[in-house]
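One structure is given below, encoded as structure tokens.
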Amino acid sequence: MGSTSLAFPSLQPQFRLSRKPSNRSNRRRHGVLPISASVSEKPSVPAPPPKVPPTESTKLPTRQIPGNYGLPFIGPIQDRLDYFYNQGRDEYFKSRVQKYQSTVFRTNMPPGPFIASDPRVIVLLDGKSFPVLFDVSKVEKKDLFTGTFMPSTELTGGYRILSYLDPSEPKHAKLKSLLFFMLKTRRDKVIPEFHSTYTELFESLESELAAKGKSNFGDANDQAAFNFLGRALYGTNPAETKLGSDGPKLVQKWVLFNLHPILVLGLPKLVEDLVIHSFRLPPFLVKSDYQRLYDYFYEAGGYVLDEAEKSGISREEASHNLLFATCFNSFGGMKILFPNILKSIGRSGVKLHTELAQEIRTAVRSNGGKVTMAAMEQMPLMKSVVYEALRIDPPVPLQYGKAKKDLVIESHDAVFKVKEGEMIFGFQPFATRDPKIFDRPDEFVPNRFVGEEGETLLKHVLWSNGPETETPTVGNKQCAGKDFVVLVARLFVVEFFLRYDSFEIEVGTSALGVAITLTSLKRASF
């Protein structure tokens, strides 16, 4: 993935989900077969008709961007406390939308003093204005991967990694091409290695569930995701190297040092704000952990490093980039996305579970009993569920860009002028839940993207630092592994429902995501 943040272990008490049966979908219209099974006959939620904005008016009023930054030093700190503690992230934005009657406004974004020298941003919170952040002819992406601050390059071997490079920089194309090369070279290994690794995961979950009555999905998924990436992309199982089973914990600690200025860890408010939001944690504290990860990628990534040297990138720089792309981007994405998928499907009820199981098993049987790309193309509901999970809980919620020139940005309601050099920030969950684009935007609608009409909405699914309908290139900042992430998310749903009819969960919270505890797994019966 082009950008992501890792979820951390649950820091708050978990709560029990009340199960919500879903409503019956229009199966004939969308090509989903009726199902005969001993389950609730309450229908799954029908897909709403696509809600596409009307033809844009050329008469939108020009409006001065509302909002302000407050007093120097004091304003950014007050906004930081509101963002993390007094209001919380979502309410921080909602309250300002209501106050200014605008989805475009000025405010400060954390961390502010003393980590970020300039926390001032122009916020975009609607699906019409947000895509300007993808247009690299209008915005610069240099050193903006984590927002208004940049972690020390001591955390990445002294190099500015691909995620921090603007496409205008010469090394951007070389490093992104290297990732494309790796993904292309190993593409035939993804499906079989995913099956092998996640079969082991499911077996471990079942054993823990049988012994304890519940099973923690997060820790087991972390290990499986890390091992899968090593096996699929490098042909080396990390568990069989010097890393052993330590990989996920090493990554988590390293990512904490990168992202602590924008995390909430559950410490007492004043202590946490002073320790992790006001000063940088010293990189030397994680140096030995990072070195262990680096050694693995330097040894395992030989074929990629050979290719890097051909393009003029040193093996050392390439190794640091492989580590970042695999651990921060890909592993981080799977760590956040898979629990979110289970949360959304789990809450949708047994009827959806049965529909998915029927569709997935029918398609696999018709393709010789094997999971293939062709088979997955015959699973419209499964594909829609994955897109809907990416829409409602995008694993990369924050996007930044600095105006390269004076710009005009349009929301649904007004036109705003942005000056060259101003920082633009978008909070993606608001853009992908825009009520002027999506009907019932805050609901998880499993078959929202089924059929031709549903597919027209995919251009508003923006998780990959670009629309779902567009393709990553060396000239843009869209996630190099966009298609890879969609593929592994689909494989996760497919492998899960080949094995299970239904499941029950408890959902808790973590620093950046959800914590899933499985309380029931019903093995496949048809």
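The values are calculated or read from the model by the stated rules, or taken from the named source; none is laboratory data. If you're wondering where the values come from, they're calculated on a predicted model, not measured in any experiment. We place every Cβ from the backbone using ideal geometry, glycine too, and count neighbours over all the protein chains shown. Quick note on the areas: whole protein, heavy atoms, side chains included, nothing else; ligands and nucleic acids left out. Shrake-Rupley method; radii C 1.70, N 1.55, O 1.52, S 1.80 Å.
If the requirement is being open to solvent by less than 10 Å² (accessible area, probe 1.4 Å) and of a type in the set (Gly, Ala, Ser), which of these qualifies: 137, 129, 163, 152?
On the way: 137 fails: open to solvent by less than 10 Å² (accessible area, probe 1.4 Å); 163 fails: open to solvent by less than 10 Å² (accessible area, probe 1.4 Å); 152 fails: open to solvent by less than 10 Å² (accessible area, probe 1.4 Å).
Going through 137, 129, 163, 152 in turn, the sole match is 129.
So, of the residues in segment 84-102 that are of a type in the set (Phe, Trp, Tyr) and open to solvent by less than 20 Å² (accessible area, probe 1.4 Å), which turns out to be farthest from residue 126 (Cα to Cα)? Quick ask: steps written out before the conclusion?
Filtering segment 84-102 for residues of a type in the set (Phe, Trp, Tyr) gives 84-85, 92-93, 100.
If we keep only those that are open to solvent by less than 20 Å² (accessible area, probe 1.4 Å) too, we end up with 92-93.
Working: 92: 15, 93: 12 Å.
Among them, the one singled out is 92.
Residue 513 passes all but one of (1) modelled with pLDDT under 95; (2) in contact with a strand residue (DSSP E or B) (Cβ under 9 Å, 6 or more places away or on another chain); (3) not aliphatic (A, V, I, L, M); which number fails?
It fails just one condition, (2).
So is residue 337 over 21 Å from residue 485 (Cα atoms), buried (at least 20 other Cβ atoms within 10 Å of the Cβ) and of a type outside the set (Lys, Arg) or not?
no
Enumerate the helices (runs of 4 or more DSSP H) found wholly within segment 340-406, keeping only those where 1 or more residues are of a type in the set (Phe, Trp, Tyr) and buried (at least 18 other Cβ atoms within 10 Å of the Cβ).
Counting at least 1 such residues, we get 380-392.
How many of the residues in segment 244-253 are farther than 17 Å from residue 285 by Cβ and surrounded by fewer than 20 Cβ atoms within 10 Å (Cβ to Cβ)? Before the answer, list the steps.
Filtering segment 244-253 for residues farther than 17 Å from residue 285 by Cβ gives 244-245, 247-248.
Then drop every residue that is not surrounded by fewer than 20 Cβ atoms within 10 Å (Cβ to Cβ), which leaves 244-245.
Count: 2.
Of all residues in segment 167-186, count the ones that are over 15 Å from residue 306 (Cα atoms) and of a type in the set (S, T, N, Q).
Here the count works out to 1.
I'm checking my understanding of the structure. Among residues of segment 87-136 that are in a loop (DSSP other than H, G, I, E, B) and acidic (Asp, Glu), which one is farthest from residue 417 (Cα to Cα)?
So, considering only residues that are in a loop (DSSP other than H, G, I, E, B) and acidic (Asp, Glu), the one farthest from residue 417 (Cα to Cα) is 118.
Looking at segment 454-484 only, could you name the residues that are of a type in the set (A, V, I, L, M, F, W, C), under 17 Å from the mean Cα position of the chain (by Cα) and open to solvent by less than 10 Å² (accessible area, probe 1.4 Å)?
Looking only at segment 454-484, we keep the residues that are of a type in the set (A, V, I, L, M, F, W, C), and these are 457-458, 461-463, 474, 479-480, 484.
With the extra rule that they be under 17 Å from the mean Cα position of the chain (by Cα), the set shrinks to 458, 461-463, 479-480, 484.
461, 462, 463, 479 - these are the residues of segment 454-484 that are of a type in the set (A, V, I, L, M, F, W, C), under 17 Å from the mean Cα position of the chain (by Cα) and open to solvent by less than 10 Å² (accessible area, probe 1.4 Å).
Might you check whether a residue that is within 23 Å of the chain's Cα centre (by Cα), among the charged types (D, E, K, R) and modelled with pLDDT of 95 or more occurs anywhere in segment 163-182?
Within segment 163-182, one or more residues are within 23 Å of the chain's Cα centre (by Cα), among the charged types (D, E, K, R) and modelled with pLDDT of 95 or more.
Out of the residues in segment 440-453 that are open to solvent by 20 Å² or more (accessible area, probe 1.4 Å) and within 20 Å of the chain's Cα centre (by Cα), state the one that is nearest to residue 485 (Cα to Cα). Spell out the reasoning first.
Step one: list which residues in segment 440-453 are open to solvent by 20 Å² or more (accessible area, probe 1.4 Å), which gives 440-444, 451-453.
The next check asks that each one be within 20 Å of the chain's Cα centre (by Cα); those that pass are 441-444.
Working: 441: 23, 442: 23, 443: 23, 444: 20 Å.
My answer is 444.
Could you count how many residues in segment 296-312 are within 27 Å of the chain's Cα centre (by Cα) and open to solvent by 20 Å² or more (accessible area, probe 1.4 Å)?
Qualifying residue count, segment 296-312: 1.
Only one of (1) in contact (Cβ under 8 Å) with a residue 40 or more places away in the chain; (2) open to solvent by 50 Å² or more (accessible area, probe 1.4 Å); (3) over 30 Å from residue 289 (Cα atoms); (4) part of a loop (DSSP other than H, G, I, E, B) is not met by residue 65, so which one is it?
Residue 65 satisfies every listed condition except (2).
Among the candidates 348, 311, 330, which residue alone is modelled with pLDDT of 95 or more and either more than 21 Å from residue 493 (Cα to Cα) or acidic (Asp, Glu) (or both)?
Details: 348 fails: either more than 21 Å from residue 493 (Cα to Cα) or acidic (Asp, Glu) (or both); 330 fails: either more than 21 Å from residue 493 (Cα to Cα) or acidic (Asp, Glu) (or both).
Selected residue: 311, the only one of 348, 311, 330 that is modelled with pLDDT of 95 or more and either more than 21 Å from residue 493 (Cα to Cα) or acidic (Asp, Glu) (or both).
I'd like to verify a number: residues in segment 220-243 that are in a helix (DSSP H, G or I), in contact (Cβ under 8 Å) with a residue 24 or more places away in the chain and either open to solvent by 40 Å² or more (accessible area, probe 1.4 Å) or of a type in the set (A, V, I, L, M) (or both), how many?
Residues in segment 220-243 being in a helix (DSSP H, G or I), in contact (Cβ under 8 Å) with a residue 24 or more places away in the chain and either open to solvent by 40 Å² or more (accessible area, probe 1.4 Å) or of a type in the set (A, V, I, L, M) (or both): 6 in total.
At least 2 residues that are of a type in the set (Phe, Trp, Tyr) and within 30 Å of residue 215 (Cβ to Cβ) in each: list the strands (runs of 3 or more DSSP E) lying fully within segment 409-526 that qualify.
On the way: elements: 415-418, 423-427, 500-510, 513-523.
In segment 409-526, the matching strands (runs of 3 or more DSSP E) lie at 500-510.
Quick check on my filter: what residues within segment 183-200 are of a type outside the set (A, V, I, L, M) and open to solvent by 10 Å² or more (accessible area, probe 1.4 Å)?
Residues satisfying the conditions are 184, 185, 186, 187, 188, 189, 192, 193, 195, 196, 199, 200.
Which condition number in (1) of a type in the set (A, V, I, L, M); (2) more than 18 Å from residue 300 (Cα to Cα); (3) outside any helix (DSSP H, G or I) is the one that residue 201 fails?
Checking residue 201 against (1) of a type in the set (A, V, I, L, M); (2) more than 18 Å from residue 300 (Cα to Cα); (3) outside any helix (DSSP H, G or I), the one that fails is (3).
Please work out which residue is most open to solvent (accessible area, probe 1.4 Å), limiting yourself to segment 254-295 and to residues that are basic (Lys, Arg) and closer than 30 Å to residue 174 by Cβ.
Initially, segment 254-295 is screened for residues basic (Lys, Arg), giving 269, 280, 287, 292.
Keeping just the survivors that are closer than 30 Å to residue 174 by Cβ gives 280, 287, 292.
On the way: 280: 111, 287: 142, 292: 86 Å².
In this case the residue turns out to be 287.
Can you name the residue in segment 201-219 that is open to solvent by 50 Å² or more (accessible area, probe 1.4 Å) and under 24 Å from the mean Cα position of the chain (by Cα) and is also farthest from residue 319 (Cα to Cα) among such residues?
Ranking the candidates gives 216 first.
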